[in-house]
Structure formats: structure tokens, C-alpha cells
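Student: After the C-alpha cells below, expect a handful of questions from me.
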Amino acid sequence: MTGPAEQPALPTGTEDTPEVPGWAEKSARDIFAALPVHDARLDTIRDAYLDCLAGAGRTQDLDMEHDRCRQQALSAVENTGLLPAARLEDLDQRLEALEADITANL
């Protein structure tokens with residue numbers, strides 16, 4: 001039992017760690033796979049985005065956390081210089097729609 005001064009323990013295994021629903025993970029992978037450039041850096045960014053979404057499942061303000069995850073991913077993609085601005089905007093819209101679907105299906 002956790003007392004008032006104690007911090008809850010961090011998850012120690014996958015059974016304690018929230019996950020992104022399987023359909024949403026597949027959708028995110030499809031979104032990144034549809035980008036006109038295939039680069040290992042984008043795979044790393046996608047995986048970090050999915051990890052961020054999984055962690056967001058623990059928060060009260062899911063929309064704000066999803067926004068944070070998306071902004072981090074978009075910033076990382078932009079920093080690679082692999083995509084033009086129009087493709088970044090398209091990626092933003094597709095990820096935002098995915099996040100709305102996740103929220104609607106919780």
C-alpha cells in the first residue's frame with residue numbers, strides 16, 4: 001500500500017505498461033510507411049511516437065498528451081530534413097486523426 005509520502009512504483013514489466021491498441025499501432029506504422037522517404041530515422045521517430053502514446057494512456061488529459069506526442073514526432077521528422085513542409089502538414093493531420101480515433105475508442 002502506498003502511503004501519502006511514498007511515490008508509486010514505476011512499472012517493472014510489460015503487464016504494467018499501457019499499450020497503444022493494436023489497430024492504432026498498425027495505423028501509425030502505415031502512416032509512416034506511406035511517407036515518400038524510407039529512412040531508419042523515421043522508424044525510430046515512429047517508435048518513439050508510439051511509446052509516447054502508450055505513456056499518455058496514464059494521464060488525465062489525454063488530448064494534451066497526444067498533442068505533445070505528435071508535436072515531438074513532427075519536430076523530430078522536421079529536424080531530419082527528409083520531408084518538405086507540405087508532407088509534414090499531411091503527416092500532422094494524419095496523426096491528429098489517429099489520435100482522435102484512439103480517444104474515441106477508449
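Student: Among the residues of segment 53-77, what is the count of those that are in a helix (DSSP H, G or I) and either in contact with a Leu (Cβ under 6 Å, 6 or more places away or on another chain) or not charged (D, E, K, R) (or both)?
Tutor: Summing the residues that are in a helix (DSSP H, G or I) and either in contact with a Leu (Cβ under 6 Å, 6 or more places away or on another chain) or not charged (D, E, K, R) (or both) in segment 53-77 gives 16.
Student: Only residues that are over 15 Å from Arg46 (Cα atoms) and touching a residue at least 40 places away in the same chain (Cβ under 8 Å): list them for segment 90-101, please.
Tutor: Asp101
Student: Anything in segment 56-89 that is more than 10 Å from the chain's Cα centre (by Cα), surrounded by 14 or more Cβ atoms within 10 Å (Cβ to Cβ) and farther than 20 Å from Thr44 by Cβ? List them, or say none.
Tutor: Across segment 56-89, the qualifying residues are Gly57, Leu62.
Student: Continuing with the same structure: Is it fair to say Leu50 is assigned to a loop (DSSP other than H, G, I, E, B), modelled with pLDDT of 90 or more and open to solvent by less than 60 Å² (accessible area, probe 1.4 Å)?
Tutor: no
Student: Another one. Only residues that are without any contact (Cβ under 8 Å) to a residue 24 or more places away in the chain, over 15 Å from Asp51 (Cα atoms) and of a type in the set (A, V, I, L, M): list them for segment 70-87, please.
Tutor: Hits for segment 70-87 are Ala85, Ala86.
Student: While we're here: Restricting to segment 90-106, give me the number of residues that are surrounded by 14 or more Cβ atoms within 10 Å (Cβ to Cβ), among the aliphatic types (A, V, I, L, M) and out of contact with any Ser or Thr (no Cβ under 7 Å at 6 or more places or on another chain).
Tutor: Here the count works out to 3.
The values are calculated or read from the model by the stated rules, or taken from the named source; none is laboratory data. The structure presented is a predicted model; accordingly, all values stated were derived computationally and were not measured. Cβ: placed from backbone, ideal geometry, glycine included. Neighbour counts: every protein chain shown. Ligands, DNA and RNA are excluded from the accessible area calculation, which covers all protein heavy atoms including side chains. Shrake-Rupley method; radii C 1.70, N 1.55, O 1.52, S 1.80 Å.
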